[in-house]
Amino acid sequence: MAITSSHLLICRTDNIGDVILTLPIAAFLKQHYPDLKISFLCRGYAAPVVRQCRSIDEVVELESFLLDPAAYFAHADVDTIILAQPNKRLAVIAFKARIRNRIGNARHKLYQMLYCNRRVRFKKGNSEYHEAQFNFEFLRPFGLTTIPEPSAIPALYDFDVPQNPEINRLLQPYPFNLILHTKSNGHGREWPVSHYAALARQLSKYPDVRLWLTGSPAEGQWLAEHAEELLELENVSNVCGKYSLDQLSSLINAADGLIASGTGPLHISAALGQRTLGLFPPTRPMHPGRWAPLGRRAQALSLPVSCTGCKDSQAATCACMENITPESVAEIVLRWRQEAQAEKAPAPAISASGRQ
């Protein structure tokens, strides 16, 4: 029998990309249960971008929640919890709080069998599902058994990103603004920084194109130490560490495109409907079939065959990534540039006679 709920708490306390790929289930639930209140538990650093999702009624920051979870549950009137990421501590907390419906993947961890009473069972392994699709498995207790195709996911992102006047002024002088998020915080294979430099050199032929390097303060420091050639190019601006996450989403939204490997800002960009290019190895489970950006203007670039030893390598990059050429990426960027020019071109004037 399908469960009923008035207040659902979705728990996803890991990385930004995983959080973004979990949010579509909220919009999907709202389509079927418009009166359902949906709260989202995440780490504090992810909270600003989750607050920009209109399908989420309340954002709960993990750090403050853990100070007194009993107090939260005492006043929040949560009756259903989804553990979208295995977390024993949260499973025990929900069990002790006697949350009526505790949903978790019983195929993943034994403790989910003990502490969850509305169990789903799925294994990622060699599945052909995209990471975002797996999250819809958690909706089976609601009687929702349909797993949307990846092409249907973009319509389930429900973001409202406010304009940032300071960022708009920063980008305004340049007709085409492209964000390069060169690092992945160790969460995926990276396109070599030398390739980003080669791409930037190719794009320097086009004075209307401005490149913005984004990343954390630590990633900005890494670039300062290892990417001097890239940072010295006149068409490149380094803004690593200068923006909070909500400001970064405003920057992404105001720009004309973003390029990155498998990292959170890649999925933010896709979710916002921005032109987005993800660079991936073809090796499971890092391949684009699992982690490609899903957005109405998002795409992924990957070679058809893995390099030798790719799956077992712990390196930040590999031949799979090195063999994605700057020329192939530049070709996509220049196509974006033409699209942006057409979008921004003033409409032809219409004379009094009605002729253009």
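At-a-glance table
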| item | result |
| --- | --- |
| Pairs where the first residue, in the range 7-25, is part of a loop (DSSP other than H, G, I, E, B) and the second is of a type in the set (Phe, Trp, Tyr), C-beta under 7 Å, 6+ apart | LEU23/TYR157 |
| Every pair of residues 6+ apart whose Cβ atoms lie under 6 Å, when the first sits in the range 266-277 and is under 12 Å from LEU21 (Cα atoms) while the second is assigned to a loop (DSSP other than H, G, I, E, B) | LEU266/PRO293; HIS267/PRO293; ALA270/PRO293; ALA270/LEU294; ALA270/GLY295; ALA271/TYR157 |
| Residues being modelled with pLDDT of 95 or more and either out of contact with any Ser or Thr (no Cβ under 6 Å at 6 or more places or on another chain) or of a type in the set (D, E, K, R) (or both) - total across the range 291-321 | 9 |
| Leading residue by the ranking (surrounded by the fewest Cβ atoms within 10 Å (Cβ to Cβ)) among those in the range 229-239 that are in contact (Cβ under 8 Å) with a residue 24 or more places away in the chain and closer than 26 Å to ALA340 by Cα | GLU234 |
| ALA70 farther than 17 Å from PHE142 by Cβ, in contact (Cβ under 8 Å) with a residue 60 or more places away in the chain and among the hydrophobic types (A, V, I, L, M, F, W, C) | no |
| Any hit, the range 101-113, residues being surrounded by fewer than 19 Cβ atoms within 10 Å (Cβ to Cβ) and touching a Gly at 6+ places or on another chain (Cβ under 9 Å) | yes |
| Residue that is surrounded by the fewest Cβ atoms within 10 Å (Cβ to Cβ), among those in the range 195-228 that are touching a residue at least 24 places away in the same chain (Cβ under 8 Å) and of a type in the set (Asp, Glu) | ASP208 |
| Scope the range 78-93; condition within 23 Å of ILE20 (Cα to Cα) and of a type in the set (A, V, I, L, M); matching residues | VAL78, ILE81, ILE82, LEU83, ALA84, LEU90, ALA91 |
| Hits in the range 282-296 - residues which are surrounded by fewer than 19 Cβ atoms within 10 Å (Cβ to Cβ) and closer than 20 Å to ASN323 by Cα | PRO282, ARG284, PRO285, HIS287, PRO288, GLY289 |
| Subset of the range 141-169 (residues that are free of Cβ contacts under 8 Å to residues at least 40 places away in the same chain and closer than 28 Å to LEU223 by Cα) | PRO165, GLU166, ARG169 |
| Members of the range 52-61 that are crowded, with 16+ Cβ neighbours inside 10 Å and either part of a loop (DSSP other than H, G, I, E, B) or touching a strand residue (DSSP E or B) at 6+ places or on another chain (Cβ under 6 Å) (or both) | GLN52, CYS53, SER55, ILE56, VAL59, VAL60 |
| Of all residues in the range 191-218 being among the charged types (D, E, K, R) and in contact with a strand residue (DSSP E or B) (Cβ under 8 Å, 6 or more places away or on another chain), the one that is farthest from PRO282 (Cα to Cα) | ASP208 |
| So ARG275, is it surrounded by fewer than 21 Cβ atoms within 10 Å (Cβ to Cβ), among the basic types (Lys, Arg) and touching a helix residue (DSSP H, G or I) at 6+ places or on another chain (Cβ under 6 Å) | no |
| Number of positions in the range 338-356 that are exposed (fewer than 10 other Cβ atoms within 10 Å of the Cβ) and at pLDDT 85 or above | 2 |
| Qualifying residues in the range 127-158 (those that are among the hydrophobic types (A, V, I, L, M, F, W, C) and buried (at least 19 other Cβ atoms within 10 Å of the Cβ)) - the one nearest to PHE28 (Cα to Cα) | LEU156 |
| Output for the range 293-314, where each listed residue is under 18 Å from GLY262 (Cβ atoms) and of a type in the set (A, V, I, L, M) | LEU294, ALA298, ALA300, LEU301, LEU303 |
| Pick from the range 316-337, criterion without any contact (Cβ under 8 Å) to a residue 24 or more places away in the chain and either among the acidic types (Asp, Glu) or assigned to a loop (DSSP other than H, G, I, E, B) (or both), ranking: surrounded by the fewest Cβ atoms within 10 Å (Cβ to Cβ) | GLU331 |
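The values are calculated or read from the model by the stated rules, or taken from the named source; none is laboratory data. As the structure is a computational prediction, the values presented were derived from the model and not from experiment. No Cβ is skipped: glycine too gets one built from the backbone with ideal geometry, and neighbour counts run over all protein chains shown.
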